[in-house]
Every structure is written in C-alpha cells, then in structure tokens.
Amino acid sequence: MSRPSLLITLLVALFSCNESPTPSESRRAFRYNQHNPITSLDPAFARTQNNIWAVDGLFNGLVQLDDSLNVKPCIAKHWSISPDGLTYRFLLRNDVFFHDDPAFSNGGNGRKVHAADVVYSFQRLLDETWPKPGSWIFKDRVAPDSAFVAESDSVFVLRLKTPFQPMLQILTMQYASIVPREVCEFWGRDFRRHPVGTGPFRFKIWAENQALVLIKNENYFERDSAGARLPYLDAVKTTFIGDRKTAFLEFRKGNLDYFFGLESSYINELLTPEGELQPALTGQFYFLKNPYLNTEYLGVLIDRNGQTSGQTITNPLQIKKIRQALNFGFDRAQLLRTLRNNVGRPATSGFAPRGLPSFDDDAVPGYRYDPARAARLLTEAGYPQGKNLPNIILLCNNDYLDLCTFIARQWEDLGVKVSIEVTETALLRERMRNEQAPFFRASWIADYPDAESFLTCFYSKNAAPPNYSRFQNAAFDRLYEASLRETNTDRRYELYRAMEMILVEESPVIFLFYDETAQFANRRVSGLSRNAINLLSLKKVRIEP
C-alpha cells in the first residue's frame, strides 16, 4: 500500500464506528513527526526518545515528574522512605484502570490496577530469559530477596540492597511503567505492537515506519486544576518522515502541529542568528527554548598507566595541562552563535548541565575562553606555542563535523594541530566502548534528573558505557560513593559539586555546551510542556479550531 493510501486508511480507522468525533472534535488531533522510527511500544524497551514519547502517552508509573523536575504522585498517591533509605512504601490510587483489551477475562474491559501489577512489571524488567534495556534501573540495586512486595492490593513495597538516593527519579522513567500480567503473557513478545497501559491515550493503530495513531482514554484518572478530566486531545498522530528538511516543510505547510530539533539545512529559516523565531513566522508559529539535560563534550581516553607530566609521549592528551589548555583555548559562546543560533549554553561549570536542581555555576567555576592562559599552560607542559606537539586525531560523526572543525581551527591559533576523522556513528560508539578512541566527540543525556546520572560517567568502577574516558580518581570515587548514601539533599549537592571541581581540574573531557530544547508549534496549540528531560507530554495540550 502506498504512503498516502495508508494514511487515509489510518484516519478512517481512527474515526470509524462509535469512536467517530464530531467535526469540531476532529480538529483536536495533535500531529507531529519523528525522524527516527519507533521500534517498540513496550515500555521495557523505551530506550530512545522516539519510543519514550509514544510510551509516555500510553503508560503511567508510580510517580512522575512535573516540568520543574519535581517527583509527583501518579499511580501512587503517597509514598514513604525508611530512615535507612532501603525501603520505599507506596500507597496506590484506587481509580486507575488499564485500557480495554481482549486478554482481560471480564469481557475485555480494562481492570483496576493493583500492587501485584507493580510487582509483575518490575520483575518483568529483570527477567533474564528475555533481556530488556530497562533492566539496569534495578539490577544490582534492589534487595536479593523480596525486592518487590505487594502488601495488599493498594500497598507496594520496594526494597534496595544499599541506599540509592536517585531511586525516586529513576521510578519516573518510562521503563518503570506499570503493565498488566495477563495482557503481557497473552501477547508475549508481540506486546510491543499491542500495548496496554493506564495512560491518557490508548493504542489505535501502528504501521511501522509510517504512522502511529493513539486515541483519547475516556477513563483516564488524572484531572486538571479545575476538575476536568484529562487529556483534552482526541488523538495523537505520529508520522515517520526520515528527512528532517522534508518534515520541516510539512510543518511550514501546516500539515504538522509541532516540530522539534535543529539542523543546519533549515535552522536559519526558523531562527535569527540571535536565536529568536524569524519575524515572518511569528504569526503562524511560536518557539519554546529551555534547558535540556544533555552535555556535549569531547572525551579523552585516559591511560591509567600512562604519563601525566611533560615527557614526550605519543598521545599529548595524557598531559593534564594540555587538556586544560584545550579547555581554555576555544570560544564556546561564539561556537553557539555561529553554528546553533544561540540554542545552548556554554559549558563553563562542570559536566552536569544547567537545568538540574544541583547546578550552581558560582560554586563550580569551570573553563571560559582564555587564549593567553591556554598558551601559558602549553608552555608549562613543555610545548610553547605547540612546538613539537604531536598531531592530535579527533573522532566524530558527520553530524558534528562543523562543530569539531570550528574548535580545531581555534586550537590552531594556539599551535595545536588537530586532524578530524569522520567515523560512522555506530562504529564510533564501538571504538569508544573498546578503548579504541583516544579523543572523541560525544554527548551524555540524563537518564533521570539527578547529577548522579552524569557523574556516574567518571566513577572508576564503571566500565564503558558510561565511563568512556576510563577516568580513575580515588578522591572522586569516595565522594561519589558518599553521595549515594547521603539522605540530606543539600549535603548531597555539596558532594556533587566537589566531584565537579575534580573533573574541572583533571579535565578528562573538553567541556563544550549544555544543550537546550528547541520546540516549534502552530499557534493553535497550547499547553505544551517545557521540561529539561525533553519529554513531549501531551495530556494537557489543547488545539483550538
């Protein structure tokens, strides 16, 4: 079937039979595009943004994040944590129901969620007979016995092996969504195409690589501040146009209500050099920008047995003062103005990005553009003006070639020669995992909104991922381990900042920028969330006729 005829069929299916909306309601369908196709609607496989956004509409967890990254109730209306940080007790709501599905024994009607469903959902993640990407959220963290317990239909207990303060934030991830046992067992691995959750939308149809349609869950349990039942939308339609430029043109023509992300092929059509929406577009669209928990950086593979002073070595990046010189030796603000139209903020305060509650750029002074200081550091390292400094090879993929070229040209002014080797993304990741990438472009996106999700990249007991640099520092490790046990938030943040200061001093990475989200929407759309985890939550979105 051709693409146009398939989409017509999808729309007919969406508005057929007793679910047909009135003409005014039919305009309340939210349309957006994902340039990467969805691979699964099973929350246990929600490892990529495209999967996460779809899963978020279909499922709920015990807890959720608000747009300020505070943990809020969801299926659980209350919870408590024992003083030793090992036992979490959740009291569940009694008005949460799964979507309808033929697998339910009561005529296919969705039944009420019980604590036993939470136990099953979490145990399912750890089922080693069917490995799932989401298993890491509990692996080696929960108690070896009785980790998940249903004390009653409405009380669920989680027990940890050792205290882990970010656990509540982890439970807001889509991996921790609650699923029904009988439906999962009925569909088996095909649950990926027959998702049944408790979310604001329920599954209608998915033509892989072409389109996904979700429709309103009329029995959704959450309400707005005025007491009206959520969601407001009747449907969500996702297309999968792989070419971003083509999708952008569809947005310009009004065939999409929402567009996200930036690319050099169209960035200047959307934004001015100062990072504002182009004046010609302001009557039709609006632009939202806010912190995104993603740090862009250049990573250095630290040779744990290598030299760290000024002796002649094959890889000069083993010398700390050279790494520091490179951090001082390029203009992050100019990079963002030139290549990203001021979307993003210079990474001048450690590795964990702006947008986290622990972020404090005054408490963690990092690197700013200072070519004179960079030159002094090169001299102190034994390479004045880069004289006799071996050529440095930087690995990156094609998407970041312009960024790496910009930085390398500024380093040339210091006398530092850097050659850029463009590598296919999958091969680059493989080389990073196998210690075959001495210097590489990378990014780290938060799995959950806590600085630990970033600082774990430098804990010496972690392999790659996440410790691609193979960084090892005893003082850092002690602080990291203490932070996991610390129950006082302020003291834990102090430990985080102390770790950041070690990273600034040792410079296992070249800090580039803290990312920002770039969302564009038709002016008929209101209620879009603005959050630092870049989650497209649609339960409070409205579309005007």
Simple spin-label estimate for Glu185 and Glu208 in nanometres, 7 Å along Cα-Cβ: 2.6 nm
- prompt: Distance in nm between label sites at Arg193 and Asp127, each 7 Å beyond Cα in the beta-carbon direction?
  reply: 1.8 nm
- line: Using alpha-carbon positions, the gyration tensor of region 41-140 gives root eigenvalues a ≥ b ≥ c; with a/c under 1.5 called rounded, otherwise prolate if a/b exceeds b/c, else oblate, the class is rounded
- prompt: For the chain, with only Lys/Arg (+1) and Asp/Glu (-1) charged at the beta-carbon, what is the dipole magnitude about the Cα centre, in debye rounded to 20?
  reply: 420 debye
query: In what sequence, highest mean first, do 532-544, 116-128, 180-192, 100-112 appear when ranked by Cβ atoms within 10 angstrom?
result: 532-544, 116-128, 180-192, 100-112
query: By how many nm would the segment from Ala474 to Arg491 lengthen if fully extended, with 0.36 nm per residue of separation less the alpha-carbon distance?
result: 4.1 nm
- prompt: So if we plug the beta-carbon distance of Arg524 and Ala426 into 1/(1 + (r/R0)^6) with R0 = 60 Å, what FRET efficiency do we get, rounded to 0.05?
  reply: 0.95
- request: Rounded to the nearest 500, what is the 222 nm mean residue ellipticity of the chain from helices alone, with -39500 (n - 2.57) per DSSP H run of 4+ residues and division by all residues?
  value: -7500 deg cm²/dmol
message: Run the reach check for Lys253 against lysines, Cα to Cα strictly under 28 Å, same-chain hits fewer than 8 apart removed. What comes back?
response: Lys204, Lys216, Lys237, Lys245, Lys289, Lys539, Lys540
message: Using DSSP H assignments, which helices in the chain have an axial alpha-carbon span of 24 Å or above and a mean Kyte-Doolittle hydropathy of -1.0 or higher?
response: 489-506
query: Going by how many other Cβ atoms sit within 10 Å of their own, how do Asp243, Asp447 line up, fewest first?
result: Asp243, Asp447
task: Within 10 Å of each residue's Cβ, count the other Cβ atoms and sort Trp136, Trp130 from fewest upward.
output: Trp130, Trp136
- prompt: Cross-link partners among lysines for Lys321, C-alpha distance below 19 Å, same-chain residues fewer than 8 apart left out?
  reply: Lys387, Lys417
field: Cα→Cβ-extended label distance, 7 Å offset, between Arg229 and Glu274, nm
entry: 4.8 nm
task: Please tell me the relative contact order of region 450-498 in percent, rounded to the nearest whole number, where contacts are Cα pairs under 8 Å and at least six residues apart.
output: 30 percent
- line: In terms of the alpha carbon gyration tensor, root eigenvalues a ≥ b ≥ c, rounded if a/c is under 1.5 and otherwise prolate when a/b exceeds b/c or oblate, the chain is oblate
- request: Apply 1/(1 + (r/R0)^6) to the Cβ-Cβ distance of Glu151 and Lys72, taking R0 = 22 Å, and write down the FRET efficiency to the nearest 0.05.
  value: 0.45
message: Straight-line reach only, C-alpha to C-alpha below 12 angstrom: list the aspartates and glutamates that Lys77 could link to, leaving out same-chain residues fewer than 8 apart.
response: Asp95, Glu222
Segment Ala463-Thr87, extension gain: residue separation times 0.36 nm, minus the distance between their alpha carbons: 132.5 nm
- prompt: Which whole-number percent gives the relative contact order of region 156-227, counting Cα pairs below 8 Å spaced six or more residues apart?
  reply: 17 percent
Spatial separation of Cα centroids for region 32-95 and region 158-184, in angstrom: 8 Å
- prompt: Taking neighbour counts of Cβ atoms within 10 Å as a proxy for exposure, in what order, fewest first, do Asp56, Asp224 appear?
  reply: Asp224, Asp56
statement: the chain: relative contact order from alpha carbon pairs under 8 Å, six or more residues apart, as a whole percent, is 19 percent
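Where a number appears in this text, it was derived from the coordinates with a stated rule and is not lab data. This is a predicted model, so every value here is computed, not measured. Here Cβ is always computed from backbone atoms with ideal geometry, including for glycine, and neighbour counts include all displayed protein chains.
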